[in-house]
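The values are calculated or read from the model by the stated rules, or taken from the named source; none is laboratory data. Small disclaimer: the values here were computed from a predicted structure and weren't measured. For neighbour counting, all protein chains shown are included, and Cβ atoms are generated from backbone atoms with ideal geometry for every residue, glycine included. Each accessible area value is taken on the protein alone, full model and side chains, heavy atoms only, with ligands, DNA and RNA left out. Shrake-Rupley method; radii C 1.70, N 1.55, O 1.52, S 1.80 Å.
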Amino acid sequence: MAPHELTAAGWPALDVPAARRVAEDVAARHGIGVREVFRYTYAGRGAPVAVFDVAGRDFALVPGGAVPLGFDERGWTPSEEEMASFLGDEDALSPAAEPVRSTPYEPEFADADLTEIRARLARRTTRPRVVELPPLLVAVEAVAAGSRGHAEVAAELAALGQRLPAADEWEHAAACGARSLFPWGDRFPSSANTVDPSVPNLFGLRIAHHPDEPELTADPGLVLGACAPGEGPWFEARLAHAPAFRGAPAGDRPLFIRAVLPV
């Protein structure tokens, strides 16, 4: 197994036989099984997906190396429906709304509104950057933490040789190298843009798919993958699908655990 094969630059280029060889090497190193290796296309991009059996749970390979993170809002322009939701329209971006306002074109907006919606995204997302991350095996599905607190969860995972993801690791696992607002592109889910956030991403993970399922990270004070609790415009709820989204407290909602296993 060559080191570059486990990087975000090298992994997508592997064919299935090469990816299976890498997966079998990883599995042998950790004493775990390989469930399946296949080529997968998501949002117009292709890469291998390697799924492992880790004590009866599915984990997928997330390559590391130098990876791009964050979102640059300066080149982003909202659709008409996205702007309407941002400005307080309760029906805009609702999955039940008539698909009349989301348009493929970029209409003219008041300069002040466009400046403010971009400023909101800048405040709620991480800044563009390139970071060096290790390759990981990441749980395909998050599981409920129940009554367990952060310290108890961390101790239980450590006993298994696992841990909670760092914030940058979680963001990379959700973004899969995409520089757009969402892994599938820049448009919010809506009745017109019928993307399904629960579909596995390019790494084979179901992550950042439910706005009311905050996931624990290595930072006890930071949960990711969920919108702010309570009622609000769909614009705010849909932002939870953005890997770079930050700032939503857990509130009284159940917490979820996505374990990672260092490769």
Every residue from the range 130-153 that is open to solvent by less than 40 Å² (accessible area, probe 1.4 Å) and either aliphatic (A, V, I, L, M) or within 15 Å of the chain's Cα centre (by Cα) (or both): Val131, Leu133, Leu136, Leu137, Val138, Ala139, Val140, Ala142, Ala145, Val153
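Among the candidates Leu205, Leu181, which residue alone is closer than 20 Å to Pro95 by Cβ and either in contact with a Pro (Cβ under 7 Å, 6 or more places away or on another chain) or not hydroxyl-bearing (Ser, Thr, Tyr) (or both)?
Leu181
Residues are listed down the side, and each one gets a yes or a no for (1) under 25 Å from Ala47 (Cα atoms); (2) surrounded by fewer than 19 Cβ atoms within 10 Å (Cβ to Cβ); (3) in contact (Cβ under 8 Å) with a residue 12 or more places away in the chain:
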{"site": "Phe188", "(1), (2), (3)": "yes, no, yes"}
{"site": "Ser191", "(1), (2), (3)": "no, yes, yes"}
{"site": "Gly225", "(1), (2), (3)": "yes, no, yes"}
{"site": "Ala248", "(1), (2), (3)": "no, no, yes"}
{"site": "Phe256", "(1), (2), (3)": "no, no, yes"}
{"site": "Val260", "(1), (2), (3)": "yes, no, yes"}
Which numbered condition Pro12 fails, given (1) open to solvent by 20 Å² or more (accessible area, probe 1.4 Å); (2) part of a strand (DSSP E or B); (3) closer than 30 Å to Thr125 by Cα; (4) not hydroxyl-bearing (Ser, Thr, Tyr): (2)
Out of Glu98, Glu106, Glu156, sole residue that is open to solvent by 50 Å² or more (accessible area, probe 1.4 Å), modelled with pLDDT of 90 or more and either part of a helix (DSSP H, G or I) or touching a Ser or Thr at 6+ places or on another chain (Cβ under 8 Å) (or both): Glu156
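Residues that are under 27 Å from Ala155 (Cα atoms) and either of a type outside the set (Ser, Thr, Tyr) or outside any helix (DSSP H, G or I) (or both): does the range 173-191 have at least one?
The answer is yes; a qualifying residue exists.
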